[in-house]
Amino acid sequence: MGTFLSVKWDFDPVICNLPDFQLRPFLLLWIIGLIIMCYAIKNHCRKHSIEPSYFEPVSIYFILGLFIYLFKGRELRYYSIMWVIGLAAAYLIVKKLYKDRGIKDEVFDPLFLYCFLSILIGARLGHCIFYEPEYYLTSGKHFIEMLLPIQFQPQGGVKLIGYSGLASHGGTIGIIIGMILYCRKYKVKVLECIDMVCVATPLTAACIRIGNLMNSEIVGKATGTDWGFIFVQNGEDFARHPAQLYEAIAYLIIFIITLLIYRKHKEKIGSGFYFGFCIATIFTFRFFIEFCKEVQVDFEQGMALDMGQLLSIPFAIAGIWLMLHSRKK
């Protein structure tokens, strides 16, 4: 801790280092086990003429996701844990909303798989395309690094490093596409599904920003005073705005407000209101909070609006339009 005006943020983002082992054989066995498990469940359901339960394959994919997120080399990080907490909390909340509307578990179970994969893919592609296209789109090896959590080493060979670049705007686009595909396959109304997911989304966003704070990344600009957070892990001795904490608190407040609205207006589910409210509030706040953030990538130097703000504008406008349109419904 610093003075009563400042906080020395010397938080080690790594929980622990894991035992060394051969990653490639381990990962290969993991994938083979996943395929066998899914095949066995599908075959069992077909044999007994029952609807397949997606609990087991979803659990396996969830564990695989943990592997991708948690293992950055041999490091177990708090950022990864916050991702998992955010996704798990959203899973439980949306499951309760599905139950309130009398939708069967067989229809709900695949939703997590669609959301998890679409967020991961969308967030990864969003970061690489929006923020670092000059690296990921200039060679075949870099393009592969965009898709897989690996890095080609200069001396040869491949290293599993995890996904170190994820963008919220890409994740938003990804999950919308994923839910549309899910709704088409399982005959669920698109706006009904997206509205329910958006009730829980701000809580997940808050958890992710807490993870960013623990990583001492996405920092704010220097305050110019003794007030603020001193990010010691970054080798700094001056105070900055804790922009990650600002966002986490804002998203938590948005989540609480959304729940309060839902308790009084459950009938709005399916109108697009909660979808609109979610993206309008989150990305409007995101637009303004960017003014106190440090520049994230070099090409943003000198720009009147940074990439995060430019991407937030259409989302905020779409959210406002959806809320207004929901009143007609």
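Tell me the residue from 264, 293, 268 that is surrounded by fewer than 18 Cβ atoms within 10 Å (Cβ to Cβ), at negative phi and in the same structural domain as residue 8 (by TED's automatic domain parsing), please.
On the way: 293 fails: surrounded by fewer than 18 Cβ atoms within 10 Å (Cβ to Cβ); 268 fails: surrounded by fewer than 18 Cβ atoms within 10 Å (Cβ to Cβ).
When all the criteria are applied, what remains is 264.
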Discussion item. What pairs come out if I take residues in the range 307-328 that are assigned by TED's automatic domain parsing to the domain that holds residue 292 and crowded, with 19+ Cβ neighbours inside 10 Å and pair them with residues that are of a type in the set (Gly, Ala, Ser) and not in a helix (DSSP H, G or I) whose C-beta lies under 6 Å away, six or more apart or interchain?
Written reply: 322/272; 326/271; 326/272
Discussion item. So for the range 221-244 (the condition being hydroxyl-bearing (Ser, Thr, Tyr) and outside any loop (DSSP other than H, G, I, E, B)), does at least one residue qualify?
Written reply: no
Worksheet item: Would the range 180-187 turn up any residue that is outside the structural domain of residue 245 (by TED's automatic domain parsing), under 24 Å from residue 313 (Cα atoms), surrounded by fewer than 20 Cβ atoms within 10 Å (Cβ to Cβ) and touching a residue at least 60 places away in the same chain (Cβ under 8 Å)?
Response: no
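Given the options 315, 283, 288, name the one that is assigned to a helix (DSSP H, G or I), out of contact with any helix residue (DSSP H, G or I) (no Cβ under 8 Å at 6 or more places or on another chain) and modelled with pLDDT of 85 or more. I'd like the intermediate steps shown before the answer.
Values: 315 fails: out of contact with any helix residue (DSSP H, G or I) (no Cβ under 8 Å at 6 or more places or on another chain); 283 fails: out of contact with any helix residue (DSSP H, G or I) (no Cβ under 8 Å at 6 or more places or on another chain).
Answer to the selection: 288.
So is residue 156 farther than 21 Å from residue 308 by Cβ and modelled with pLDDT of 85 or more or not? Working first, answer last.
Details: farther than 21 Å from residue 308 by Cβ: yes; modelled with pLDDT of 85 or more: no.
It is false that residue 156 is farther than 21 Å from residue 308 by Cβ and modelled with pLDDT of 85 or more.
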Worksheet entry | Which listed residue, of 117, 87, is farther than 18 Å from residue 180 by Cα, assigned to a helix (DSSP H, G or I) and modelled with pLDDT under 90 | 87
Item to complete: Go through the range 315-329 and give me each residue that's within 13 Å of residue 284 (Cβ to Cβ) and among the aliphatic types (A, V, I, L, M).
Response: 316, 317, 318, 320, 323
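I'd like to know if the range 164-176 contains one or more residues that are touching a Leu at 6+ places or on another chain (Cβ under 6 Å), crowded, with 19+ Cβ neighbours inside 10 Å and either β-branched (Val, Ile, Thr) or not assigned by TED's automatic domain parsing to the domain that holds residue 254 (or both).
Within the range 164-176, the first condition is being touching a Leu at 6+ places or on another chain (Cβ under 6 Å), and the residues that meet it are 169-170.
Subsequent filtering for residues that are crowded, with 19+ Cβ neighbours inside 10 Å retains 169-170.
After this cut, where a residue has to be either β-branched (Val, Ile, Thr) or not assigned by TED's automatic domain parsing to the domain that holds residue 254 (or both) as well, the list is 169-170.
Yes, there is a match, as at least one residue in the range 164-176 is touching a Leu at 6+ places or on another chain (Cβ under 6 Å), crowded, with 19+ Cβ neighbours inside 10 Å and either β-branched (Val, Ile, Thr) or not assigned by TED's automatic domain parsing to the domain that holds residue 254 (or both).
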Item to complete: Please work out which residue is farthest from residue 296 (Cα to Cα), limiting yourself to the range 159-201 and to residues that are touching a helix residue (DSSP H, G or I) at 6+ places or on another chain (Cβ under 8 Å) and at pLDDT below 85.
Response: 160
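The values are calculated or read from the model by the stated rules, or taken from the named source; none is laboratory data. Since the model is a prediction, treat every value here as computed from it, not as a measurement. Every residue, glycine as well, gets a Cβ built from its backbone with ideal geometry; the counts of neighbours run over all protein chains shown.
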